[in-house]
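A.B. asks: Once you've had a glance at the structure underneath, I'll fire off some questions.
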Amino acid sequence: MRILFVAIGGAIGAVMRYIVSGVVYRFSSPVFPWGTLFVNSMGCFLIGLLSGIFERKIVSANVKAFILIGIIGAFTTFSTYTLETFNFLKENEIKLACINIALNNLVGILFVIAGFITAKFMYTILN
């Protein structure tokens, strides 16, 4: 049953990634993969936020799998990020490859922390 939850969540997350990154790409420079950075950062924030919420609220394992593994797992784009980095390296764009690696990793970690802190702050205000 849990596999079905992950599969449905994955379909939702993949469609969300396609739409959101497409919108970002439409309004950003084509030189750098801003859409991938955006969805990865938002996914990091959301997984931090939700893990902070799930730490204090009892949520079934199926719901966690649906949201964290399915939706957010498919929404974030690690494989796309690594392919884009590889393409920069293949095109001898070493500086852009390094910027892509640094931004995705540092911003990702910062957004997980920000999401987790936001969840704690929300609980403080709401309780």
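A.B. asks: Of all the residues that make up region 29-52, how many are surrounded by 15 or more Cβ atoms within 10 Å (Cβ to Cβ) and either among the hydroxyl-bearing types (Ser, Thr, Tyr) or assigned to a loop (DSSP other than H, G, I, E, B) (or both)?
C.D. replies: 5
A.B. asks: Shifting gears a bit: Within region 53-72, identify whether any single residue is within 25 Å of Ala97 (Cα to Cα), of a type in the set (A, V, I, L, M, F, W, C) and assigned to a helix (DSSP H, G or I), and answer yes or no.
C.D. replies: yes
A.B. asks: Return yes or no: is Ala102 among the aliphatic types (A, V, I, L, M) and closer than 26 Å to Ile3 by Cβ?
C.D. replies: Answer is no for this residue.
A.B. asks: Picking from Thr124, Thr118, Thr76, which residue would you name as being among the polar types (S, T, N, Q), modelled with pLDDT of 95 or more and out of contact with any strand residue (DSSP E or B) (no Cβ under 6 Å at 6 or more places or on another chain)?
C.D. replies: Thr118
A.B. asks: Select from region 17-42 the residues that are out of contact with any Ser or Thr (no Cβ under 7 Å at 6 or more places or on another chain), touching a residue at least 60 places away in the same chain (Cβ under 8 Å) and closer than 19 Å to Glu93 by Cα and list them in ascending order.
C.D. replies: Listed by number, the residues that qualify are Val31, Phe32, Pro33, Leu37.
A.B. asks: Being surrounded by 15 or more Cβ atoms within 10 Å (Cβ to Cβ) and part of a helix (DSSP H, G or I) is the requirement here; does Asn87 meet it?
C.D. replies: Considered against the rule, which asks whether it is surrounded by 15 or more Cβ atoms within 10 Å (Cβ to Cβ) and part of a helix (DSSP H, G or I), Asn87 comes out as no.
A.B. asks: Just the residues that are within 15 Å of the chain's Cα centre (by Cα) and free of Cβ contacts under 8 Å to residues at least 12 places away in the same chain, please, taken from region 88-108.
C.D. replies: Asn105, Leu106
The values are calculated or read from the model by the stated rules, or taken from the named source; none is laboratory data. Everything numeric in this text was worked out from a predicted model, so none of it was measured. Please note: Cβ atoms are built from the backbone with ideal geometry, for glycine as well, and neighbour counts cover all protein chains shown.
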